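The next block holds one structure in the form of structure tokens; read it before the comments.
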Amino acid sequence: MLNPFLAQQGGAIETPQIDYAAILPILIVLGAACVGVLLEAFLPKHQRWPVQVGLTLLTIVAAGVALGAYVGDAPEQGITTLSGTVAVDAPALFLWGTLLALALGAVLLIADRSVEPGGAFVAQAGISPGTVQDRAQVSSTGMQTEVFPLTLFALGGMMTFTAANDLLTMFIALEVLSLPLYLMCGLARRRRLISQEAAVKYFLLGAFASAFFLYGIAMLYGYAGSVRLADIAAATAGTDRSDTLLFAGFGLLMVGLLFKGSVGPFHTWTPDVYQGAPTPITAFMAACTKVAAFGALLRVLFVAFESTSWEWRGVLWAVAIISMAVGAILGLTQTDVKRMIAYSSIAHAGFLLVGTMAITDEGLSGTLFYLLAYGFTTLAAFGVISLVRDASGEATHLSAWAGLSKRSPLLAAVFTFLLLALAGIPLTSGFVGKFVVFSAALSDGMAPLVVIALVFSAVAAFFYLRVVVLMYFSEPAPEGPTVSVPGAFTTAAITLGVVVTLLLGVLPAFALDWAGAGGFALSS
């Protein structure tokens, strides 16, 4: 029966059309996350770890199968569904596949309990650091298994973030991916104070960035009368309104996106959080969050602001240069391996921004490929970092890595290969990624920026090579750290990262073809 109020208005609410096959990967991930929460409530404590690990891995595989089944029949121009709030197009499908593959490796690192007995996560999150109970839980075999549903919630938020077709959906997805990360950063089994400090810093700075993002949405709504990306694009193409609201809103929106992507000068959370968070969570953030952030940034710039690129490109030039400079120069001064990789990620964010600003098909495909390549290399690098340990846990100070090749030649060789990939040496995915991104920027008339990027890339290569020299040409300390034998999960994660890094460097055609399979769905 028609609602009386609706009858007075002369119509009924039309049920939105939903393409369930298109959004099935997201539904699987978020649905399994909810099931994981219920399992935490009802399962006995000793049963939670195997069930949660099995559920999480099965979920990622099932979502990947659903994605693969849809890709073959997906419309070339993409679709919008859920009343136009979600766009499932070629870039979204590529990013979903990338996120699922990276999440699989990250979950393997999270689930490992052989490198650190009991796992990298605290047995009880409510224990205060420094207490007797805190010292006792270090040797316990229990693990805070809530990290598995939290990981799935974060993954579901990332997938939605990259496919959001309007700014409100993007904001909700941003919070869904961020809140679990804030929690997981504070759950390290060892060095609890620095872990909790990292979580608080990430939460407070993330809250400020979200406020900027939301205020930008409000201003853009005031300008365009809509939060849909296509409507904003239409308003910028032909209107006599003042551009003050448009560019003020754009600037605030960019602050939120650039913060999440660790782009300088909005990078201040990155070194402390990378260092303090449990290393598996650092790997998850470094790989997946950057993919999600730049995936959303690409969609916003290509769909909503392409026609105004001449107005904002100069500002993003400056941001890219600052990010590359901060990452390359401050990375030289770091004495902690995790902080060094953090500054490396800031420099890489600047390189990614170079490709993002090239509003062309080559720029889109090159940036997507770079995200895929960088994610797997970084994931494997943090897996290696988790294996060098001393009595207090992970030995991340550079002095602990002296002479590592004499203690474990295989581990030193793997880490060297990964560092060379981050530096962009040929026959690695890092070289191909930089080549395609810089080529796209050159084709779009950004030659001066490419020259600057090459200079900072050379500067950044120095601190990668410094670690290589330290591992091979220095003597190990007599009572230095040991190299743990990795368990099956950590071995699988590192192997996955190394193999993909090598394959994308030698045979990149498949990934490049998929990344360039199509553009964004532009319908509102």
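The values are calculated or read from the model by the stated rules, or taken from the named source; none is laboratory data. Computed from a predicted structure; not experimentally measured. Backbone-built Cβ (ideal geometry, glycine too); neighbour counts: all protein chains shown.
Filtering region 61-105 to residues that are in a helix (DSSP H, G or I), β-branched (Val, Ile, Thr) and buried (at least 24 other Cβ atoms within 10 Å of the Cβ) leaves only Thr98. If I filter region 226-261 down to residues being buried (at least 16 other Cβ atoms within 10 Å of the Cβ) and polar (S, T, N, Q), which single residue comes out as farthest from Phe305 (Cα to Cα)? Filtering region 226-261 for residues that are buried (at least 16 other Cβ atoms within 10 Å of the Cβ) and polar (S, T, N, Q), the one farthest from Phe305 (Cα to Cα) comes out as Ser226.
Of all residues in region 199-223, exactly one satisfies the criterion of being among the β-branched types (Val, Ile, Thr) and either more than 29 Å from Ala235 (Cβ to Cβ) or not in a helix (DSSP H, G or I) (or both), namely Val200.
Residue pairs whose Cβ atoms lie under 9 Å apart, sitting 6 or more positions apart in sequence or on different chains, and linking a residue in region 369-396 that is within 17 Å of Ile281 (Cα to Cα) and touching a residue at least 40 places away in the same chain (Cβ under 8 Å) to a partner that is among the small types (Gly, Ala, Ser) and part of a strand (DSSP E or B), are Gly393/Ala188. Scan region 360-398 for residues that are assigned to a loop (DSSP other than H, G, I, E, B) and β-branched (Val, Ile, Thr) and the total you get is 2. Please work out if Leu57 is within 24 Å of Asp166 (Cα to Cα), assigned to a helix (DSSP H, G or I) and not β-branched (Val, Ile, Thr). When the stated conditions are applied, Leu57 does not pass them.
Note on region 17-37: residues that are among the β-branched types (Val, Ile, Thr) and surrounded by fewer than 19 Cβ atoms within 10 Å (Cβ to Cβ) total 3. Inspect all residues belonging to region 399-408 and state whether any of them is in a helix (DSSP H, G or I), in contact (Cβ under 8 Å) with a residue 24 or more places away in the chain and within 19 Å of the chain's Cα centre (by Cα). No, region 399-408 contains no residue that is in a helix (DSSP H, G or I), in contact (Cβ under 8 Å) with a residue 24 or more places away in the chain and within 19 Å of the chain's Cα centre (by Cα). Considering region 310-345 alone, what residues qualify as being surrounded by fewer than 20 Cβ atoms within 10 Å (Cβ to Cβ) and touching a strand residue (DSSP E or B) at 6+ places or on another chain (Cβ under 8 Å)? Answer for region 310-345, where residues must be surrounded by fewer than 20 Cβ atoms within 10 Å (Cβ to Cβ) and touching a strand residue (DSSP E or B) at 6+ places or on another chain (Cβ under 8 Å): Thr335, Asp336. Pull up region 468-491, narrow it to residues that are buried (at least 16 other Cβ atoms within 10 Å of the Cβ) and modelled with pLDDT under 80, then point me to the one that is nearest to the chain's Cα centre (by Cα). Per the criteria, the residue is Pro481. Just one of the listed residues (Ala373, Ala441, Ala423) is crowded, with 24+ Cβ neighbours inside 10 Å and either under 20 Å from the mean Cα position of the chain (by Cα) or of a type in the set (Val, Ile, Thr) (or both), and it is Ala373.
Taking region 436-454 as the search range and keeping residues that are free of Cβ contacts under 8 Å to residues at least 60 places away in the same chain and in contact with a helix residue (DSSP H, G or I) (Cβ under 9 Å, 6 or more places away or on another chain), which one is farthest from Gly314 (Cα to Cα)? The extreme case among them is Leu454. Between Ala412, Ala521, Ala460, the distinction of being in a helix (DSSP H, G or I) and under 25 Å from the mean Cα position of the chain (by Cα) belongs to Ala460 only. For the criterion of being closer than 17 Å to Ala163 by Cβ, part of a loop (DSSP other than H, G, I, E, B) and touching a residue at least 24 places away in the same chain (Cβ under 8 Å), Ala22 fails.
In this structure, does Glu40 turn out to be over 21 Å from the mean Cα position of the chain (by Cα), surrounded by 14 or more Cβ atoms within 10 Å (Cβ to Cβ) and not basic (Lys, Arg)? Spelling it out, Glu40 is indeed over 21 Å from the mean Cα position of the chain (by Cα), surrounded by 14 or more Cβ atoms within 10 Å (Cβ to Cβ) and not basic (Lys, Arg).
A single entry from Leu174, Leu220 fulfils the requirement of being buried (at least 20 other Cβ atoms within 10 Å of the Cβ), within 18 Å of the chain's Cα centre (by Cα), farther than 22 Å from Gly393 by Cβ and in contact (Cβ under 8 Å) with a residue 24 or more places away in the chain: Leu174.
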